[in-house]
Structure formats: structure tokens, C-alpha cells
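Structure, as C-alpha cells:
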Amino acid sequence: MTIGQPAAAPACQVCGERQLREVEGFAALPRITSDCRAYPAGGSLHVCLACGGVQKIPDSKWLREIGGIYAGYEAYYQSGGDEQIVFDRATGKPRRRSDVILERLVGRGGLASRGRALDVGCGNGATLAAMSATLAGWSFSGYELGEGALPRLSRIPRFEKLHTGSLDAIGQCFDLVTLIHALEHFPEPVAALSQLRGLVGDGQLFIEVCNIDENPFDILVADHLMHFSPHALELLLERAGFGTVAVATDWVPKEISLLARAGRIDPRSAVPGAAGKAAPGEPALARMASYVAWLRAMVARAGQLEREDGPLGIFGTSIAATWLGSQLGERVSFFVDEDESRVGKKHLGRPIVRPQEVPAGANVYVALSPAIAGMIAARHAGLPCRLVAPPPLRLD
């Protein structure tokens, strides 16, 4: 390259076009890590005008940031390592996320009575433990950046091996390869998926990620490179040599569940998906701008609440609640959670209580997306406290 010549614009991770546009105002927002730690402002967020893909740019600054985040990473520390509870949309009851996913995978068919599975980004083994409890005739392996979780993984029945290093070095095929909240972390997702194609072989690839169409808070996660819509995820997989077999947004709230195979899929054999038509870039850019404005309004609403009578609590102890609570600091008196594994502990130095233990007359900010906040408010309408909804989210 000639001295003084500007570097080429970064390419979109989804479609490869060089039409990324930065979302104004995002850089001023404080951020959060995926293991629920407060993180300072200063990031950038971009939308591809060609495909609508929402993403960070994996430049040297972002890579330094995620290196620091992962050096002290501790998943689900609020519950002592136990996996996050979600509300099963089929039953309306709280369950472990991996249990819900495995039940849906088995229920749709296509998994043999015996096989071998690999969980990429296995963490402390929540998904592998659910697999072991559900797939009695299968054996399991994991892939991670390091071996810190190996003692815990080794206690999982029929666990075979923890792989580290390059995905290429694994050198064997599996009947099922899963990435549960892992793909969004890869600095080069197309390259990673291309490597996985050799591990999937004639088997199946399953991916679970946040759905940016339903979860505005996901853009705040500093170590998430990608923020997927169903369309963007399918497009990325196609570029990496996979065909989508099924895609759903109703297995886990605010998440995308996608099953794929290597190679092109006959449209007649695929289950109808949730992606629909391609989302143009300009509407996606406008949507992210609306998210930024809404997140600012959420903090402003919290400032109003702290001036009102009664103690202030925040509903939840995960991404949204931690992001807001870290900004309010001493002004928060307690957190509220329906996950029994978190109740009785402390979060950001404040006690975590059950909904039924909220003090009478308290203001509890349900700091979640409006749809989820509405369901929570309806579920706990009889509590002797004030459940405060977030501001309306206007998508222009």
C-alpha cells in the first residue's frame, strides 16, 4: 500500500460488502460485558447498508478490550456458576435455558439414538450437562479457549475431551455441533464457521444467539462482535457454506435458535423459518438509533425514580439490570430475581430478593424491553410495590 493511502473501509462480517455506517450516539453509552460486569463507554456500533447486519469492528482496540474481558471472565457468577433461568414459552415456567433448548431439539426429531456431540464455547458445561441428561446414548466433547473448566466438565457423564487451540486441530466429525451464545464472540465468524464445516460433516450444526430484533440491550455487550437478526444469521451461514434447516424465535425469549447442515439445503425439505425477506440497511440503521435513544431514556427514567418516595429496586440481575444498576450505584437498594439460585446473594453490593420479598411501597424498575417488562408486571401485579415499566420504544 502506498504511504499515505487511506486503509480500505472494513467489510461487513455478514455479506462482505464495504457499506458499514456507524450508529451515532452509541460511543457515549456505558457498556457491559457478557458475564455482567460494568464496562466503560467508548465503543462503536455499525450497520451494513447492504444487508442490515449489526456489528462491531474487530480492530486492534476491540481485540484488546475483549482480551482484557476474557482474562477475568466468570460466567453466571451471580448464581455461583449455575446457568441462567429463562421462562419457557411453551409452559410459562422458569427453566434452565439449555434444558429448554435440548427439549426442543429432541422434540423436532432428526437426532439419532446414538451419536457424538461437540459444544463450541462450552464454558463450564451447562449445555453439555443438559445433553448428557437428555441424550442417553451420546458422548460429548467441548471446545474452549483454555482448560480452566476441565475439572467440572470431567464430571459430566460420557464426557470425552476438552479441545483448545485451533478448531482445525480437532480433526474429527461430530453428529451435532452446538454454539450456544458463542458465535457472536468470534472475531472472524465466517472463518470460524468455515472451520466448523469440516467438524459437522454429514451431521447438524445448532446455533443459539441473542435476537437483536427483540433485545436492545445486546448492543451494549462489549465482547459481542455480532448482533444477529434471523436474516443476518442465515445469510452469514450461507456465506460460510451452510444451509438453514430450521430457524425459530420462540424457543427462548429474545433469542434465535437455528439448525443447519453443511452445503445447500433443498427449500422443500427445510422447515419454514423466521427470517423472512432481507432487511434493508437504512431501516436497520434507524432501528439501532432508536435503541440508543431508548437506552438513554431508560437511564433518565431511573433518575426520576430515585427522587420519589420509597426504596428503589431493579428487577433482574443479568445484562440489563447490571448495566443500569452500575450507573445508579448507591441509589439502588436491592435487586429482584425469580431465579432461586441467585436469591439471598448480593449483586453490585446489594441484596437479591424474591418478588414476594420486595418491601411494601418500594419502586421496582423493570429495566427490560417493553414486551418482557409487560409480561413480568402482569405476572406480579399483586405485589405491594410499584412496578415501573421502561419508556416506550419507538421504532421509526
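Computed from the coordinates by the stated procedures, all read-outs in this text should not be read as laboratory data. Everything numeric in this text was worked out from a predicted model, so none of it was measured. A quick note on method: Cβ atoms are made from the backbone with ideal geometry, for glycine too, and the neighbour counts reach across all protein chains shown.
Work out, step by step, the length gained on full extension between E22 and E357: first 0.36 nm times the residue separation, then minus their alpha carbon distance; give nm to one decimal.
Length gained, E22 through E357: 116.2 nm.
State the antiparallel share, in %, of DSSP beta bridges confined to the chain, rounding to the nearest 5.
Around 45 percent antiparallel, to the nearest 5.
Hey, for a label at Q304 modelled as a point 7 Å past Cα toward Cβ, could you say which residues of segment 354-396 have their backbone N under 14 Å away?
Counting only backbone N, you get 365-366, 388-393.
Over the C-alpha atoms of segment 130-211, what are the Rg and the largest Cα-to-Cα span, Dmax, in Å?
For segment 130-211, the Cα radius of gyration and maximum Cα-Cα distance read 12.9, 35 Å.
Looking at segment 79-274, what % of its DSSP beta bridges pair antiparallel, to the nearest 5?
The answer is about 45 percent antiparallel.
Among [x] 1.67; [y] 1.21; [z] 0.99, only one was calculated for this model; which label is it, if the read-out is Cα Rg over 2.2 N^0.38 Å?
Computed from the coordinates, Cα Rg over 2.2 N^0.38 Å corresponds to [z].
Would you list the membrane-span-like helices of the chain, meaning whole DSSP H runs whose alpha-carbon atoms span at least 18 Å along their axis and whose mean Kyte-Doolittle value is at least -1.0?
What comes out of the filter, once short or polar helices are dropped, is 281-305.
So what J values fall out for segment 329-334 if you push phi through Karplus, 6.51 cos²θ - 1.76 cosθ + 1.60 with θ = phi - 60°, rounded to Hz, Gly and Pro as x?
x, 5, 6, 8, 8, 6
Given all pairs of different Cα atoms, what value in angstroms does the Kirkwood hydrodynamic radius of segment 79-274 take?
Taking every pair of different Cα atoms in segment 79-274, averaging 1/r and inverting gives 17.0 Å.
How many nm separate the modelled label positions at L145 and A381, each set 7 Å beyond the Cα in the direction of the Cβ?
In this crude spin-label approximation the distance works out to 4.6 nm.
Given the rule -39500 (n - 2.57) for each run of at least 4 DSSP H residues, summed and divided by the residues of the chain, what is its mean residue ellipticity at 222 nm, to the nearest 500 deg cm²/dmol?
The helix-only estimate for the chain comes to -8000 deg cm²/dmol at 222 nm.
What distance in nm lies between label points placed 7 Å from Cα along the C-beta direction at L395 and D250?
Taking the simple label geometry, L395 and D250 are separated by 1.7 nm.
Hey, fewest Cβ within 10 Å first, where do C385, C210 land in order? Kindly include the intermediate steps, with their values, before the conclusion.
Values: C385 18, C210 23.
Ranking C385, C210 by Cβ neighbours within 10 Å, fewest first, gives C385, C210.
From the alpha carbon gyration tensor of segment 299-388, can you work out the equivalent ellipsoid semi-axes (sqrt of 5 times each eigenvalue) and give them in Å, largest to smallest?
Semi-axes, largest first: 16, 15, 14 Å.
Give the calculated FRET efficiency between S44 and A169 to the nearest 0.05, with a Förster radius of 51 Å applied to their Cβ-Cβ distance.
On the way: r = 33 Å, r/R0 = 0.65.
After rounding, the FRET efficiency stands at 0.95.
From the residues V200, F186, G148, which one has its Cα farthest along the dipole of segment 142-206 in the positive direction, the dipole being from +1 and -1 charges on Cβ of Lys/Arg and Asp/Glu about the Cα centre?
Farthest towards the positive pole: G148.
Tally the DSSP beta bridges in segment 299-388 and give the antiparallel ones as a percent, rounded to 5. Mind dumping the intermediate values first?
Numbers: 2 of 13 bridges.
Beta bridges within segment 299-388, antiparallel portion: roughly 15 percent.
Given a cut-off of under 8 Å on Cα pairs at least six residues apart, what relative contact order in percent is computed for segment 299-388?
So the answer I get is 29 percent.
Mind checking the dipole of the chain: about its Cα centre, +1 per Lys or Arg Cβ, -1 per Asp or Glu Cβ, Debye to the nearest 20?
So the dipole magnitude of the chain works out to roughly 320 debye.
Just want the answer: with Cβ charges of +1 for Lys and Arg and -1 for Asp and Glu, which residue in L220, V209, W251 is farthest toward the dipole's positive end in segment 79-274?
Of the options given, the answer is W251.
Dividing the alpha-carbon Rg of segment 207-254 by 2.2 N^0.38 Å yields what? Write down the numbers at each step before the final one.
Values: Rg = 11.2 Å, N = 48, 2.2 N^0.38 = 9.6 Å.
Expressed relative to 2.2 N^0.38 Å, the Cα Rg reads 1.17.
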